[in-house]
Amino acid sequence: MDGEGRMRPHYQRVIDDLRKLGTEEFDRRWEAGKRLLRESGATYHVYGDPLGTERPWQLDPIPYVIAAADWQSLERGLVQRAQLLNLVLADCYGPQRLIRSGKLPSAVVFGQRGFLRPCHGIKPAGDVFLHLYGVDLAKSPDGRWWALSDRTQNPSGAGYALENRLVVSRILPETFREGHVQRLAGFYRSLQLGFADLGSRRNDQPRVVILSPGPFNETYFEHAYLARYLGYTLVEGEDLTVRDDRVYLKTLSGLEPVDVILRRVDDDFCDPLELRNESMLGVPGLVQALRAGNVVVANALGSGLVQTPALMSFLPSLCRELLGEELRLPSVATWWCGQRAARDHVEADLDNLIVKPIAPMPGFEPTLGEGLSDPQRSELIARVRFQPHLFVAQEAVTLSTAPSWNGRQLVPMPVVTRAFLVASKGSYRLMPGGLTRVASDATSPKISMQRGGVSKDTWVLTDGPVESITLLQGAGGRGELQRIGHNLPSRIASSLFWMGRYVERAESTARIARAAVFRLTVESSAEASRLVGPLLAPLIRLGQMKAPDRKATEADWYLRAERELLRAILHRNNPGSLGVCVSHIERIATLLRDRMSLDVWRVLGNLDEPFTTCTGQGRVELTEVLELLNKVILGLAGFRGLAMDNMTRAQGWRFLDMGLRIERAVYLCETLLGALAAPDPDDTSLLDALLEIGDSSLTYRSRYNLVPQIAAVFDLLLLDELNPRSLLYQLRTLQEHLDRLPGERNGAPVSPRQSLLLECLSSLRRVDPRELSVPGVAPLETRLAEVLRLTLVNLPALSEELAQAYFAHATMSRPDDPAEPAEG
Amino acid sequence: MIYDLVHRTVYVYTQPVSVSHHAARLHPQVQGAQGCASFDLRIVPEPAVSSARDDYFGNAVNFFTVQQPHRRLEITARSRVSTNPTARPDLERGPLWDEVAGLFEESPPPDLLEPHQFTFGSPMVRRGREFAGYAAASFPAGRPLLKAVADLNGRIHRDFKFDPRATTVTTPVEDVMRLRRGVCQDFAHLMIACLRSLALPARYVSGYLRTRPKAGSPRLVGADMSHAWVAVFCPAVGWVDFDPTNNLIPDVEHISVAVGRDYSDVAPVAGIVIGGGRHAINVSVDLRVAE
């Protein structure tokens, strides 16, 4: 809106279209948009949030619209600023002429931790230090743009901008399509081309990775989102290793060279050998690999130096010095306290200024002079005077407003927009869009997602035609067809394997629990205690449930069984409960976020829902639980269906499926052993329940067409190789996977993994279920029971062996970090 | 004085180490009155990659990577070093401390840029008003810089107790101030914190100190130690060393190896290993006067 509170003309179309839609239709679309956001898992971590660290991404459905002419004038200023900061970096990490000539005070560089001395003298490819650059922009009510802060470390938000676009363009599809809104894909395409070019200096098929600090980082969602969108491998420090001054990715089939690292880890954490040595997020030896010119890191290590606000007051003169031009885009008025004259001004005008540290300083928040008490004021001044070079003061900016949706109507709210630039062909390309955030009050000095805030999609209009590009065509067009994707990182293989195990654990637990709950609701207590006891044996044996006291009366036993069973299903403080198992699935899913389709993510995101509704309302009825179990089983079936249907039959799928098979076999063996221990294993109702848990009732009926008999039931569940629920089927599938893993195929000696499996298979094949029908033989002493027990020993061992062979992550340590005293 | 110096570091691991990256700053300085006639670095097992360069502060640093699985790593540096007596600085003369601090308060001229870097806080040494407060007694207005620093050197020696059990390599200097105990590294950090809190340039020096066996006892091989002290920048004179642990101005019995803002810039052997389980580390230094 303009200074008089009138809507600016370029908003007309959006406002008109909204009016045409009507509140009801808009509400409906916005609800769908919110669902889309939730299901895509868009989140932002908030550090120190007691309510859990993940917060759903907050979006305002009304886009921030910028007129074409306005944007064009801004673009030149932003490109110039990016070039300028890049040149400042090149000088500070090179000849340091600016410092020696006094154009840049030495304290601005030497006095902050952002100047990484080990990186001095490293010349990056093409002299590009800044590959990706972000600037927070404010528009004053008179329509002029100001740079509020520079983001050169590892600017975040470009991925959230994409996500916002995705949602908002679906809420207002007609407006978006017809409104001459510029698309974002071209920007990412430039980024891909730039990296492909940098990487191809070493490698025809360069490998680009995104280095993330991991799922606990505030913007992890974005790391995964960008990895998926750009087709890069998402890695953490421990996935990479340096050998021969070259960076490699640890994969299932060995070390694969890495050519470009797009880092989302702060630069000083990137190499514990030469930079912050307490870092566990980095790659030891990375700086040496950079010196050797064997890898490109974007942004260059040390780039964080120039995002200090201390630099802002020197940009106009630096611009004249380095580019021979006037600075086009002004910064918010900034005084660096390291200079006497500036400090005097700050002290005199403190009421109108915000004092900030030149780099984040623990225990010091930006402080507005106005409203400080006298003691607070003198303490602030004393603190600044003691180390003046560590502080700047900035004018508070009055922000212009944009229409925002408050749930009922449009209201004007102050906004800040982060623009993004990417290095491209010797210059910079500006993203025609950005991440706009809504401030809570008009002069707020701090708008940060970290403090909780709402973002907006940013629409940049064009007078010309809208460029349309999709990233799916592949970067550079030089890529050859690849049948097998890049090799799987070991850590991902491990996550997929555990995903498989937990998914099946949840399903088996839910099936057993459902069979038990159902019988508790329909049978008499005497009948229930006879039937349900053996069914619960696996949950008790596997530590998911406490055994109800056997000595109790039948009625008493019934009550206790009911209570314990509910605990095993619902309780969050029972580590073996189904509810906890489902939250494990969701946790692992976050580790795999970049590898899962939106549909899979949606299914997993909904798994937890029945638990939140079921536990929220005091006493729970068994029938309610039955409904919950049905939902969980259906949800898991949905996941399995998508995984089986959509995953390529590559290594990742094999590890997921091996996890599933091992877990299913374990539950099956435990269930059958529990039944064999029942007072009457041949009981028809019990056999019925076994078929139900094993999801084999239909198969049984189609095959035998008679009441269940023990030998036939056990044959179907153990030895029928056509039954995908049988033990034999699980073991054979595992064997097939093992044979196709890297390193297992050609080895003449049988691997320890294969021999564990072979032992189970060969003893299983010798079993004849008819021995169960022989009178006078105790069921638990049959060969069949022996095979079940053997399998329960060998499969967990197989899981261990797989972890040893494929997931082994040696931990990183500093042997010279002694608890011993220093010397001297 | 000519010395034969052997600095040996042995790591023993309970599990095999698959790869280890190291940076060693063991080459004695060649500067001023100190020379280094020979230097030899042996690493067992043989590193796959090794290189040498001068770091940002001009220290020689050797990087190496051992890529074969190993349970033991031995790093041995042998040097022949010479030291010559230097004229003891005249403490009573030279610039006043407050004049020097004034030089560094605003952007100093180009010839003072190098020492200017050592006036700021660094990873292990923060500036703090408590350090300025402790130092104040040695720095009355108008006192010559070196005289004031020598006084601070003596006070730290008197006020702080040498106690190898009180601190570790990572003890923050604020804790040393509170504990009033520590070892050479702690005293050097403390003195640097005091000087920088007054806006004076101070740097950390790592090296060795010749030790003498007690009268009548034989000289023990390998019983010497790494040592650390402080240098303060005095315009027109240059960097002047002070050893607060021993209340000395270093001369021919101190051998310097590396300088930096604090210990984190000059650790003699730093490394990151992948694997290895638990480890034991054994460092021995042998410094003897050459025959």
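Observations on the structure shown:
- The number of residues in the stretch A:98-146 that are in contact with a Ser or Thr (Cβ under 7 Å, 6 or more places away or on another chain) and farther than 22 Å from A:Ser313 by Cα comes to 1.
- Per-region count, the stretch A:645-678, residues modelled with pLDDT under 95, within 24 Å of A:Gln735 (Cβ to Cβ) and either among the polar types (S, T, N, Q) or out of contact with any helix residue (DSSP H, G or I) (no Cβ under 8 Å at 6 or more places or on another chain) (or both): 5
- Among the residues making up the stretch A:313-334, those that are exposed (fewer than 14 other Cβ atoms within 10 Å of the Cβ) and outside any helix (DSSP H, G or I) are A:Gly324, A:Glu325, A:Glu326.
- Looking only at residues in the stretch B:164-190 that are closer than 19 Å to B:Ser264 by Cβ and part of a loop (DSSP other than H, G, I, E, B), the one that is farthest from the other protein chains (Cβ to nearest Cβ) is B:Pro172.
- Residue within the stretch A:511-526 that is under 30 Å from A:Pro215 (Cα atoms) and touching an Asp or Glu at 6+ places or on another chain (Cβ under 9 Å) present: no
- Of the residues in the stretch A:682-695, at least one is in contact (Cβ under 8 Å) with a residue 12 or more places away in the chain, in contact with a helix residue (DSSP H, G or I) (Cβ under 9 Å, 6 or more places away or on another chain), under 15 Å from A:Leu784 (Cβ atoms) and not charged (D, E, K, R).
Yes/no matrix, rows are residues, columns are (1) without any contact (Cβ under 8 Å) to a residue 12 or more places away in the chain; (2) closer than 23 Å to B:Leu195 by Cα; (3) assigned to a helix (DSSP H, G or I):
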| position | (1), (2), (3) |
| --- | --- |
| A:Glu347 | no, no, yes |
| A:Asp351 | no, no, yes |
| A:Lys356 | no, no, no |
| A:Glu370 | no, no, no |
| A:Pro375 | yes, no, yes |
| A:Ser378 | yes, no, yes |
| A:Ala382 | yes, yes, yes |
| A:Arg385 | no, yes, yes |
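- Residue in the stretch B:115-129 that is farther than 26 Å from A:Val108 by Cβ and either out of contact with any strand residue (DSSP E or B) (no Cβ under 6 Å at 6 or more places or on another chain) or more than 14 Å from chain A (Cβ to nearest Cβ) (or both) present: no
- Flag if B:Gly133 is closer than 30 Å to A:Glu379 by Cα, within 11 Å of chain A (Cβ to nearest Cβ) and surrounded by fewer than 24 Cβ atoms within 10 Å (Cβ to Cβ): no
- Only a single item in (1) part of a loop (DSSP other than H, G, I, E, B); (2) touching a Ser or Thr at 6+ places or on another chain (Cβ under 8 Å); (3) within 14 Å of chain A (Cβ to nearest Cβ); (4) touching a residue at least 60 places away in the same chain (Cβ under 8 Å) is not met by B:Gln29, and it is number (3).
- Picking from residues in the stretch A:222-258 that are among the polar types (S, T, N, Q) and crowded, with 22+ Cβ neighbours inside 10 Å, the one that is farthest from the other protein chains (Cβ to nearest Cβ) is A:Thr233.
- Conditions (1) part of a helix (DSSP H, G or I); (2) more than 21 Å from the chain's Cα centre (by Cα); (3) surrounded by 23 or more Cβ atoms within 10 Å (Cβ to Cβ); number of the one not met by A:Arg189: (3)
- The stretch A:249-267, residues that are at pLDDT 95 or above and not in a loop (DSSP other than H, G, I, E, B): A:Val260, A:Ile261, A:Leu262, A:Arg263, A:Asp267
- A single member of A:Arg13, A:Arg55 is of a type in the set (Lys, Arg) and either exposed (fewer than 12 other Cβ atoms within 10 Å of the Cβ) or modelled with pLDDT under 75 (or both), and it is A:Arg55.
- As a summary of the residue check, B:Ala87 satisfies the conditions (1) under 30 Å from B:Ile274 (Cα atoms); (2) modelled with pLDDT under 95 except for the one numbered (1).
- Yes/no for A:Thr612 being hydroxyl-bearing (Ser, Thr, Tyr), within 30 Å of A:Ala493 (Cβ to Cβ) and under 29 Å from the mean Cα position of the chain (by Cα): no
- So A:Leu198, is it assigned to a strand (DSSP E or B), touching a helix residue (DSSP H, G or I) at 6+ places or on another chain (Cβ under 7 Å) and away from chain B (no Cβ under 14 Å): no
- Residue identified as of a type in the set (Val, Ile, Thr), within 21 Å of A:Gly500 (Cα to Cα) and not in a helix (DSSP H, G or I) among A:Thr590, A:Thr648: A:Thr648
- Restricting the stretch A:741-773 to residues that are out of contact with any helix residue (DSSP H, G or I) (no Cβ under 9 Å at 6 or more places or on another chain) and modelled with pLDDT of 85 or more leaves a set whose member that is surrounded by the fewest Cβ atoms within 10 Å (Cβ to Cβ) is A:Ser762.
- Helices (runs of 4 or more DSSP H) within the stretch A:679-721 that include 3 or more residues at pLDDT 90 or above and more than 30 Å from A:Glu736 (Cα to Cα): A:684-693
- Lone qualifier among A:Gly324, A:Gly293, A:Gly282 - being within 14 Å of chain B (Cβ to nearest Cβ) and on the phi > 0 side of the Ramachandran plot: A:Gly293
Residues checked against (1) modelled with pLDDT of 90 or more; (2) aliphatic (A, V, I, L, M):
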{"residue": "A:Ser525", "(1), (2)": "no, no"}
{"residue": "A:Ile540", "(1), (2)": "yes, yes"}
{"residue": "A:Lys551", "(1), (2)": "no, no"}
{"residue": "A:Trp557", "(1), (2)": "no, no"}
{"residue": "A:Arg560", "(1), (2)": "no, no"}
{"residue": "A:Gly579", "(1), (2)": "yes, no"}
{"residue": "A:Ala589", "(1), (2)": "no, yes"}
{"residue": "A:Ser597", "(1), (2)": "no, no"}
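- Residue within the stretch A:690-704 that is more than 35 Å from the chain's Cα centre (by Cα) and of a type in the set (Asp, Glu) present: yes
- Among the candidates B:Val66, B:Val61, B:Val100, B:Val49, the residue that is surrounded by 17 or more Cβ atoms within 10 Å (Cβ to Cβ) and away from chain A (no Cβ under 11 Å) is uniquely B:Val100.
- Conditions (1) among the polar types (S, T, N, Q); (2) within 14 Å of another protein chain (Cβ to nearest Cβ); (3) touching a Ser or Thr at 6+ places or on another chain (Cβ under 7 Å); (4) closer than 26 Å to B:Ile2 by Cβ: number failed by B:Ser38: (2)
- The requirement of being within 21 Å of A:Pro681 (Cα to Cα) and among the acidic types (Asp, Glu) is not satisfied by A:Glu564.
- Residue within the stretch B:143-156 that is within 13 Å of chain A (Cβ to nearest Cβ), touching a helix residue (DSSP H, G or I) at 6+ places or on another chain (Cβ under 6 Å) and not small (Gly, Ala, Ser) present: no
- Listed by first and then second residue, the pairs with beta-carbon distance under 7 Å, at least 6 apart or on different chains, first residue in the stretch A:577-606 and acidic (Asp, Glu), second surrounded by fewer than 20 Cβ atoms within 10 Å (Cβ to Cβ), are A:Glu586/A:Asp608; A:Asp594/A:Arg228; A:Asp599/A:Leu642.
The values are calculated or read from the model by the stated rules, or taken from the named source; none is laboratory data. In this text the structure is predicted, and so the values were computed from the model without any measurement. We place every Cβ from the backbone using ideal geometry, glycine too, and count neighbours over all the protein chains shown.
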